[in-house]
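Colleague: Just dropping this structure here.
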Amino acid sequence: MDYDKALVVEGITKRFSRKRKREGVFGKIGFGYRIQKKAIDGISFCVDRGEIFGIVGPNGSGKSTLIRVISTLLIPDEGRVTVFGHDVVKEPIIVRRMINRVSPDAAFFKKLSAVENLAYTARLYGIRAKEAMGKIEEILRKLDFPRSRLTEPMENLSKGMQQKIAVARAFLTSPVLLLLDEPTVGLDPRSKRSLQEFILRIRDEHDATIVLVTHDMEEAERICDRVAIIDEGKFVAMGTVEELKELCSDNGSIKSLEDVFIALTGRSMEEAEEDDEDF
Amino acid sequence: MMRISERISAEMLVLYAFIGRQFALYKRYWHWELMWIAYTFANTLAIGFLGSGVGMVTGQEVDSKTLIIYLLIGSLMWGYLAGLFWEVGSVVSWERWEGTIEYTFMAPISRITHLIGMCLFAIIYGVLRTVLILGAVAIFFDLDISGADLPGALLILVASSVSLVGIGMMVAILPLFSPEKGTQIMGIIEALILMVSGVYYPIDVLPSWMRWLSWISPATYTLSGMRKALLSKEGISGLFPELAALLLMGLIAVPLGFLVFSWAERRAKRIGMLSRSG
């Protein structure tokens, strides 16, 4: 088994269907019909151990679906995903021990405090609350989270603070593969910067592999070793930021990943997001 | 490889995670719980007063003491069973509402441990709530249960919890596919069980075409067993038919409930329904 490969994704396809009502004279009537859309369309890639791999693309391009497949929360229609050699569909519990995820919505029990939420997660991963407390404090200190607010209900904390707790929850379980799905969305510039620095430090200190999903091109450029650009469920390019810029630098006007995205898809990120809202 | 003792210790920690989490949540949502307890208490009290007043309404002599206990057993047991059913059925709906479902389903735990943890909480909390309401109601009525078969009643309670938990697991999948309609269907199923199980009357009063439904409801045997133990004061041997029926139902319902839940989880992951909120 090749343990230098943290993540291997081979030809993953995922379709979703939605019910639509037929449009009649009196508005939407009848039994309706189903439409199908490929959220991910035959994606393949590998992530090396210790690498920070970025997936960038507009909202609705299939980034979160891909993360959900890797997280064992969605079963792909076609293809195979392995984490350190373990199949996410056939060996979900082994895979779940190795991964954790930060999603854009910091999903917590709102009335419980940060400590209660984190202690609950720790127990699910076989860590006793006392043992977890030391770790929690260490992680939150690095993220500049005030200790005094640990016992407040989550609903009293700002979006930025909740996101820091979400990051702490993910790191608490010492994952070897960390899936960060828009971790800095909604954060102020200072918090965003400190989280980005924390991600880089974690990779260096804890030998963690990180898949970072973002639509923030600057963020991807700053912290990712390699980046894949996703549009309409397909990877349109993959490589280091320099390689991607070089790929589209015929007229020398490519300055950023956003320029690369426009050159490869013929649309800006905003336009791509508007197109995807139809489904 | 993990040693057996380590494995057991890890599974116990997971069970504690769910039980502890639910108690913490109930503590924070105490006003809802207070409302629920007050409602059940008032309802149980009203049922008891109904028993006291039957003689006055009909103008005939009625053994009101027996009638009150008969009705109170129905009310209290219904409160317990409905609470248990609702708790187990809420495994999915509560977490969807909070938005935490993906994190719980992504944790490296077996689904059976997850479901057992939620069921254990439901049983522990249900017993505590029932005892509290019983204590409060006892102040208002002169309840004579001396000589009642309390160990037998406890056995019936445990056996009925097992079978109800199995049905609860099956019902818990409804909110997985339709968050709103699923919870409403759960309510309808609960109401049907209430109607056919003889909570406040013997099932013989039901029309014959409806009676077969009472035979497949575990609540029927729970109520019948409880009344035998507390009212007729029969020993455990007298409770054998009810215990056997409940255990048989549990033996079928729990594995079936687990299989149905596992199938539903897999299906939800195929069609992408795990995280939908609407």
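No lab work stands behind these numbers, since they all come straight from the coordinates. Not measured: the values here are computed from a predicted model. As a convention, Cβ positions derive from the backbone with ideal geometry for all residues, glycine included, and neighbour counts pool all protein chains shown.
Colleague: Among A:Val236, A:Val102, B:Val254, rank each residue by its count of other Cβ atoms within 10 Å, from fewest to most, as a rough exposure measure.
Modeller: By the 10 Å Cβ count, ascending: A:Val236, B:Val254, A:Val102.
Colleague: Enumerate the residues in segment A:164-183 having an amide nitrogen under 20 Å from the point lying 7 Å beyond the Cα of A:Arg149 toward its Cβ.
Modeller: Residues A:164-172, A:183 fall inside that zone.
Colleague: Which order results if A:Cys46, B:Cys119 are arranged by neighbouring Cβ count within 10 Å, fewest first?
Modeller: Ranking A:Cys46, B:Cys119 by Cβ neighbours within 10 Å, fewest first, gives A:Cys46, B:Cys119.
Colleague: Given labels modelled 7 Å from the Cα in the Cβ direction, how far is it in nm from A:Asp207 to B:Leu154?
Modeller: 5.2 nm
Colleague: Suppose every Lys and Arg Cβ carries +1 and every Asp and Glu Cβ carries -1, with no other charges. What dipole size does chain A come out with about its Cα centre, to the nearest 20 debye?
Modeller: 1660 debye
Colleague: Against the longest principal axis of chain A, how steep is helix A:129-142, in degrees 0 to 90 to the nearest 10, with axes from Cα atoms?
Modeller: For A:129-142 against chain A, the angle is about 70 degrees.
Colleague: Then there is this: Can you work out the FRET efficiency for the pair A:Ser268 and A:Asp188, with r the C-beta to C-beta distance and R0 = 30 Å, to the nearest 0.05?
Modeller: 0.75
Colleague: Here's something else I'd like to know. Please name which of A:Thr121, A:Ile229, A:Val69 has its Cα lying farthest along the dipole of segment A:5-276 towards the positive end, using unit charges on Cβ (Lys, Arg +1; Asp, Glu -1) and the Cα centre as origin.
Modeller: A:Thr121
Colleague: Okay, next question. Suppose every Lys and Arg Cβ carries +1 and every Asp and Glu Cβ carries -1, with no other charges. What dipole size does segment A:74-169 come out with about its Cα centre, to the nearest 20 debye?
Modeller: Charge dipole of segment A:74-169: 320 debye, to the nearest 20.
Colleague: Take B:Tyr39, A:Tyr125 and order them by how many other Cβ atoms sit within 10 Å, fewest up front. Display every interim value, and only then the final one.
Modeller: Working: B:Tyr39 11, A:Tyr125 22.
Ascending Cβ contact count within 10 Å gives the list B:Tyr39, A:Tyr125.
Colleague: Could you work out the helix-only [θ] at 222 nm for chain A, with each DSSP H run of four or more residues adding -39,500 (n - 2.57) and the total divided by the number of residues, to the nearest 500 deg cm²/dmol? Mind dumping the intermediate values first?
Modeller: Values: 10 runs with 103 residues, N = 279.
Helix contribution divided over all residues of chain A: -11000 deg cm²/dmol.
Colleague: Another one. Could you work out [θ]222 nm for chain B from helices alone, using -39500 (n - 2.57) per DSSP H run of at least four and dividing by all its residues? Round to the nearest 500 deg cm²/dmol.
Modeller: Taking each H run of at least 4 residues, the total per residue is -27000 deg cm²/dmol.
Colleague: Can you tell me the orientation of helix A:189-206 relative to chain A, as the angle in degrees between its alpha-carbon axis and the longest Cα principal axis, to the nearest 10?
Modeller: 70 degrees
Colleague: So, with +1 on the Cβ of K and R and -1 on the Cβ of D and E, and no other charges, what is the size of the charge dipole of segment B:4-271 about its Cα centre, to the nearest 20 debye?
Modeller: Details: 17 positive and 18 negative charges, 148 e Å.
That gives a dipole near 720 debye.
Colleague: Select from A:Glu246, A:Glu232, A:Glu258 the residue whose mean-square fluctuation is largest in a Gaussian network model of chain A (Cα-Cα springs shorter than 10 Å).
Modeller: Fluctuation is largest for A:Glu246.
Colleague: Let me ask another. For segment A:126-182, rounded, prolate or oblate, judged on the Cα gyration tensor with a ≥ b ≥ c (square roots of eigenvalues), a/c < 1.5 rounded, else prolate if a/b > b/c?
Modeller: oblate
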